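Step one of this worksheet: look at the structure below.
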Amino acid sequence: MLGRCSAITLLHRFGTAVPALHQFAGSVVTRDGVIGLGAWLGAELVGVGSIHFREDGPEFAILIEDAWQRRGVGTRLIGAMSDQAIATGWHHAVVELLDANAAARALLLSSCAYVWLSLPDAGLVSGLLLLRQPGGQDDDS
Ligand SMILES: CC(C)(COP(=O)(O)OP(=O)(O)OC[C@H]1O[C@@H](n2cnc3c(N)ncnc32)[C@H](O)[C@@H]1OP(=O)(O)O)[C@@H](O)C(=O)NCCC(=O)NCCS
C-alpha cells in the first residue's frame with residue numbers, strides 16, 4: 001500500500017516521503033498500547049489508522065492511499081478510531097499534523113465534535129479532538 005502512495009501523502013503522514021517501512025509495520029500492528037485499523041477494499045488495504053494510547057490520551061494517525069482519497073474512506077476510518085477510543089473510556093484524542101496539511105485539518109473538522117489546533121511550531125501543529133459519539137451524538141458537556 002505504501003508503494004501506491006505519492007510523496008506528498010507519505011510526507012503528510014510520516015513527516016518524510018521515505019518512511020522506514022519496518023517502523024511503520026510495527027506501528028499499525030495491534031499490540032500493547034497501540035490499535036491498528038485497516039480500510040479494506042475487498043482484499044486490498046487502501047487505508048490505515050493507528051491509535052497510540054498515551055498517558056494524556058489516544059494519539060491518532062491516519063493514511064489513505066492517493067487513489068482512494070476524497071471518497072469518504074478517511075471519514076469512516078476516523079469514525080471507527082473514535083468508536084475504539086470511546087470504547088476504552090476516552091472522549092478526546094490528540095493528533096500532530098504538518099501545518100500545511102489542509103486535507104487532514106478539513107477531515108478532522110468534519111469528523112470530530114470539536115477541534116482545537118495549536119499555533120505552528122517548526123511547521124507542526126498539535127490538535128486536540130473532542131470525539132464524536134457513536135450514533136452521531138456529540139458529547140460537548
Ligand atoms: C487526510 C486524509 C487522511 C483524508 O482522507 P480522505 O479519505 O481523503 O478523507 P475523506 O474523503 O473522508 O474527506 C472528508 C473531508 O475532508 C476534507 N478533505 C479531504 N481531502 C481534502 C483535500 N485534499 N483538500 C481539502 N479538503 C479535503 C473534505 O472536507 C472532505 O469532505 P468532502 O470530500 O465531502 O468535501 C488523506 O488525504 C491522507 O491520507 N493524507 C496523507 C496522510 C495524512 O495527511 N495524514 C494525516 C496526518 S497523520
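The values are calculated or read from the model by the stated rules, or taken from the named source; none is laboratory data. Here the structure is a predicted model, which is why all the values come from computation and not from measurement. Cβ atoms come from the backbone with ideal geometry, glycine included; neighbour counts cover every protein chain shown.
To keep it simple, each residue is scored yes or no on (1) β-branched (Val, Ile, Thr); (2) out of contact with any strand residue (DSSP E or B) (no Cβ under 9 Å at 6 or more places or on another chain); (3) touching a residue at least 24 places away in the same chain (Cβ under 8 Å); (4) under 18 Å from residue 82 (Cα atoms).
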residue	(1), (2), (3), (4)
16	yes, yes, no, no
20	no, yes, no, no
25	no, yes, no, no
39	no, no, yes, yes
53	no, no, yes, yes
59	no, no, yes, yes
Self-check item: The lone exception for residue 33 - which of (1) in contact with a strand residue (DSSP E or B) (Cβ under 8 Å, 6 or more places away or on another chain); (2) surrounded by 11 or more Cβ atoms within 10 Å (Cβ to Cβ) it fails
Solution: (2)
Exercise. Could you check, for the stretch 14-23, whether at least one of its residues is surrounded by 13 or more Cβ atoms within 10 Å (Cβ to Cβ) and away from the ligand (no atom under 13 Å from the Cβ)?
Key: no
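Per-residue answers, yes or no, for (1) in contact (Cβ under 8 Å) with a residue 24 or more places away in the chain; (2) of a type in the set (Ser, Thr, Tyr); (3) in contact with a Leu (Cβ under 7 Å, 6 or more places away or on another chain):
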site	(1), (2), (3)
29	no, no, no
32	no, no, no
66	yes, no, no
102	no, no, no
110	yes, yes, no
126	yes, yes, no
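Residues checked against (1) within 20 Å of residue 14 (Cα to Cα); (2) more than 8 Å from the ligand (Cβ to nearest atom); (3) at pLDDT below 95:
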| site | (1), (2), (3) |
| --- | --- |
| 92 | no, yes, no |
| 109 | no, no, no |
| 114 | no, yes, no |
| 121 | yes, yes, no |
| 129 | yes, yes, no |
Quiz item: Among the strands (runs of 3 or more DSSP E) confined wholly to the stretch 70-135, which include 1 or more residues that are surrounded by 18 or more Cβ atoms within 10 Å (Cβ to Cβ)?
Solution: 92-98, 124-130
Quiz item: Any chance the stretch 43-61 includes a residue that's surrounded by 15 or more Cβ atoms within 10 Å (Cβ to Cβ), near the ligand (Cβ under 8 Å from one of its atoms), closer than 22 Å to residue 19 by Cα and among the β-branched types (Val, Ile, Thr)?
Solution: no
